[in-house]
Amino acid sequence: MNVVGYPTPGKAKARQLLDAFCAGAGGMVTKRLEALQPGAAAFYGVVPATKPLWDAARAQGRDTFYMDNAYFDPTREVYFRVAKNSLQHSGLGVSDGKRFAALKIDIKPWRRAGRHVLICPQSDQFMRDVIEYPGSWLADTLASLRKLTDRELRVRAWTGHKREWFRTLPDDLRDCWALVTYSSASAVSAMLAGIPAICSPSDCISSSMAGRFDQIETPPMPDNRREWAEVVADNQWTLDEMRQGMTWRALNG
């Protein structure tokens, strides 16, 4: 299968990741963003300049590969996630557990107490261009939760400084009852820290483990977090692994 990468203009990181992924897939990265070229289409994020290509590829039924930062906060800038024909992996499957074990990430016991609900919105651009959410997800979420709980609703504002954002996340997880997001990796961080999560029923690798808005007072606390985390670890790769074709084989095997 031929695959073409469509990089975000002016974003060196997008070019770097797409170069690695396409090299391992026997494909190429193009500078031409006027129209789709033959074959599958790969993107590192979707922005206004690449959204017409993203929309066209999906409308034509082509295979698409969506890349972004790692699922696990401690592995950011080392590992990157890639999903085929979706924004994120489903989180379902079977793993031998080796990749997760190598990360040496602890899974803490579920915490069954807490005062506030932590809301982690994603960027307006992502919600508008990728999710195509009508209106304001944050405003809608606050309105819904106020009808369902009397707990403090604490909003953790989105920022492009992702490393700093996740570095200070544990501060807001102290005494947290549940974390609410659309599809942010913050849900992964919360659940591994023992904090239940509420997220989108689709588009999120945490969907199978998290709850929905109407479960905010009784959020799920599944017993199989390790098995789930092992599958999550199998769906993020280093740049070297991408160049070696490991990612391509895993997604197309």
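The values are calculated or read from the model by the stated rules, or taken from the named source; none is laboratory data. In this text the structure is predicted, and so the values were computed from the model without any measurement. As a convention, Cβ positions derive from the backbone with ideal geometry for all residues, glycine included, and neighbour counts pool all protein chains shown. Only protein heavy atoms, including side chains, enter the accessible area calculation; ligands, DNA and RNA are left aside. Shrake-Rupley method; radii C 1.70, N 1.55, O 1.52, S 1.80 Å.
Identify, please: which residue in the stretch 4-13 is at pLDDT below 95 and outside any loop (DSSP other than H, G, I, E, B) and is, among those, nearest to residue 246 (Cα to Cα)?
Ranking the qualifying residues of the stretch 4-13, first place goes to 13.
Of (1) more than 26 Å from residue 241 (Cβ to Cβ); (2) modelled with pLDDT of 95 or more, residue 17 satisfies all except one. Which?
Among (1) more than 26 Å from residue 241 (Cβ to Cβ); (2) modelled with pLDDT of 95 or more, the lone unmet condition for residue 17 is (1).
Determine which single condition residue 154 fails, assuming it passes every other condition in (1) in contact with a helix residue (DSSP H, G or I) (Cβ under 7 Å, 6 or more places away or on another chain); (2) at pLDDT 95 or above; (3) part of a helix (DSSP H, G or I).
(3)
Across the stretch 65-114, which residue is farthest from residue 15 (Cα to Cα) among those that are of a type in the set (Phe, Trp, Tyr) and in a loop (DSSP other than H, G, I, E, B)?
110
When the residues of the stretch 47-103 are narrowed to those that are among the hydroxyl-bearing types (Ser, Thr, Tyr) and either at pLDDT below 95 or within 11 Å of the chain's Cα centre (by Cα) (or both), which ends up surrounded by the most Cβ atoms within 10 Å (Cβ to Cβ)?
71
Tell me, yes or no, whether the stretch 200-209 has at least one residue that is touching a residue at least 60 places away in the same chain (Cβ under 8 Å) and in contact with a Cys (Cβ under 8 Å, 6 or more places away or on another chain).
yes
Looking at the structure I just gave you, is residue 35 more than 19 Å from the chain's Cα centre (by Cα), under 18 Å from residue 126 (Cα atoms) and among the small types (Gly, Ala, Ser)?
no
If you take the residues of the stretch 3-43 that are farther than 20 Å from residue 83 by Cβ, out of contact with any Pro (no Cβ under 9 Å at 6 or more places or on another chain) and not charged (D, E, K, R), which of them is least open to solvent (accessible area, probe 1.4 Å)?
37
In the stretch 178-192, which residues are open to solvent by less than 10 Å² (accessible area, probe 1.4 Å) and over 17 Å from residue 112 (Cα atoms)?
181, 183, 186, 188
For the stretch 196-213, indicate whether the set of residues that are closer than 20 Å to residue 159 by Cα, outside any loop (DSSP other than H, G, I, E, B) and either among the β-branched types (Val, Ile, Thr) or open to solvent by 10 Å² or more (accessible area, probe 1.4 Å) (or both) is non-empty.
no
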